[in-house]
Amino acid sequence: MSAATETLYAQRLKRYVTAMRNEKPDRVPIRPFVAELTAKYAGYTIQEVTQDYQKAFAAARKCAADFDWDAVVGNMVYGWAGLVQAIGLRYYASPGVELPPDTPFQYLEPPEDEAWMRPDEYDALAEDPTGYLLSVWLPRVSADVSPLGQPTSLRNNLSFLKGGMAMLQYFQGFGTQAERLRSESGTVSAISGILKAPLDILADKLRGYKGLCADLFRQPEKVLAACAALAPHLLEVAAGGADPQKNVPIGLWMHRGCVPFLSPPQFEKFYWPTLRWIVEGLWARGHQTLFYAEGDWTASLQYFAELPERAIVFHVDRSDIFEAHRTLGEKFCISGGVPNDLLAFGTPEDVRACCKKIIDGVARQGGYIMDASAIMQDDTNIENLRAMTDFTREYGVY
Amino acid sequence: MPEQDTRRRPPGVCIPWEEKRKEMPAIRGDEQLVERVWKDIDGLAYMYIWQVLLSF
């Protein structure tokens, strides 16, 4: 790595970390969550970056270098279809296979009566979450894994061989990607590790959203017990993937804990207690959590404000960014807030005006990172993304 | 808050060392080394299933 690139990396890391600690860096850092947009920019199809993660890595590096961003995720098209196919996962629809080649991958939820976890299995999950996943859940979600007690098969055995080897290869690839981002363009890898809220896990991959909603009324104590049982494991997995240097945060992908998916009382009772316990546990170990708060979480801001100072970075999707800043800005860094529809259909002038409004209203004392509201897919207009980047570079100097 | 941990398999574990140890003959060398390596590799299996749940 050249000395100039190493110096650039050090400057960007300091800028990014300073903002995340809710302090004032030299200028507003730019850390766009760009997913399928990278394929569009680099000349790949969405199928190519979803199936071939080396192309996804290459596309992310090209964007990082060309746009001169401070930090990016090594591959935001994270759900690698090759691994999904190796395991035979039924809940994933791939571009170019079940979907058109230029459609992002999709998660499928089965009908309520075919949910991956049945409504009478809460006790089994709570008693032994890892055992339940291995013995009950995996054979259901995989087309190849045989249920316990049933004859095994070549496909069963291959699922574990291929799945394990492929996962190792993929995750090791992220380490190489981080090094290449650093050495080739001086770009920081924005996050490390993964976390989801226990209730989101129940909705996303176990009971399904509709089934879980019924359970909230029919067997609320079982749901609470399951969340409590999942929490220590989710903490363990998040900490296991966290940045050993404790610079960059763990990504928390928040799905359906906000209005209208849950009411505020349901959020308070079911969603927040175990998530709070995990986030505080990670902070006690020195790890920040980045709340990728997909949707409008304005009704929940008061709860997030109870967390220890600097424990999180709050990423704004459809929440009111100025309200988020008023409620959380004294304690936490804010990121995001540039609407994706504006980036897709607005003009560069519209984008610059929006960025100015956000920087003026949220970033005056530091503690802000420029980004779109939601992860950017292929509908983002490249010219508008460049306008967001260039304007922030020029106007976001302290 | 999560008072109870999973009673049979704590975080990071698929097959507890204590369970595996009972299946093994007397260890003539360094038992701690055997235990550490067992736990490290068992932890990879734990990460596998939880990463499938979380990431894919």
Exercise. For region A:167-261, what relative contact order do you get, as a whole percent, if you take Cα pairs closer than 8 Å and at least 6 residues apart?
Worked result: 42
Seminar exercise, completed: Under 5 Å from the placed amide H of A:Leu99, counting only residues 5+ away or on other chains, we find A:Ser94
Problem set entry | Net charge over other residues, Cβ less than 15 angstrom from the Cβ of A:Glu36 (K, R count +1; D, E count -1) | -2
Seminar exercise, completed: The answer for A:Ala293, listing residues at least 5 apart or on another chain whose modeled amide H is closer than 5 Å to its amide H, is A:His315, A:Asp317
Problem set entry | Computed E for A:Phe171/A:Asp360 - FRET, C-beta separation, R0 45 angstrom, nearest 0.05 | 0.65
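Using the 10 angstrom Cβ neighbour count as an exposure proxy, how do A:Val77, B:Val34, A:Val84 rank, fewest first? Present the calculation step by step, with values, prior to reporting the outcome.
Details: A:Val77 29, B:Val34 15, A:Val84 24.
If I rank by nearby Cβ atoms, fewest first, I get B:Val34, A:Val84, A:Val77.
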Problem set entry | Label-point separation in nm, B:Arg28 to A:Ser263, each point 7 Å along Cα→Cβ | 6.9
For this session: Using a Gaussian network model of chain A whose springs link C-alpha atoms within less than 10 Å, name the residue from A:Asp378, A:Asp120, A:Asp317 with the highest mean-square fluctuation.
Result: A:Asp120
Seminar exercise, completed: Expressed as a whole-number percentage, the relative contact order of region A:3-395 with C-alpha contacts under 8 angstrom and at least six residues apart is 21
Seminar exercise, completed: Distance in nm between A:Ala305 and A:Ala353 label points, each 7 Å along Cα→Cβ, equals 3.1
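At 0.36 nm per residue, and after removing the present C-alpha to C-alpha distance, how many nm does the segment from A:Arg218 to A:Gln54 gain when stretched out fully?
Net length gain for the segment: 54.4 nm.
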Problem set entry | Degrees between helix A:3-20 axis and first principal axis of chain A (Cα, 0 to 90, nearest 10) | 70
For this session: Specify the angular offset, from 0 to 90 degrees and rounded to the nearest 10, of the alpha carbon long axis of helix A:272-284 from the longest principal axis of the alpha carbons in chain A.
Result: 60
Problem set entry | Extent along principal axes [Cα atoms of the protein assembly as shown; Å; largest to smallest] | 68, 49, 48
For this session: Apply the Karplus parameterisation 6.51 cos²θ - 1.76 cosθ + 1.60, with θ equal to phi minus 60°, to every residue of region A:128-142 and state each ³J(HN,Hα) to the nearest whole Hz, in sequence, with x for glycine and proline.
Result: 7, x, 5, x, 5, 4, 6, 8, 10, 6, 4, x, 7, 7, 9
Problem set entry | Gaussian network model of chain A, springs between alpha carbon atoms under 10 Å - residue of A:Lys205, A:Lys246, A:Lys331 with greatest fluctuation | A:Lys246
For this session: Quick one: go through region A:300-328 and flag any residue whose amide nitrogen is under 14 Å from the point 7 Å out along the Cα-to-Cβ line of A:Asn247.
Result: none
Exercise. Mean 1/r over all different Cα pairs, inverted: what Kirkwood radius does region A:1-94 give, in Å?
Worked result: 14.8
For this session: Please report A:Lys55, B:Lys20, A:Lys196 as a ranked list, fewest other C-beta atoms within 10 angstrom at the top and most at the bottom.
Result: B:Lys20, A:Lys55, A:Lys196
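Computed from the coordinates by the stated procedures, all read-outs in this text should not be read as laboratory data. Note that the structure is a prediction, hence the values are computed from the model and not measured. Reconstructed Cβ throughout: ideal geometry from the backbone, glycine too, with neighbour counts over all protein chains shown.
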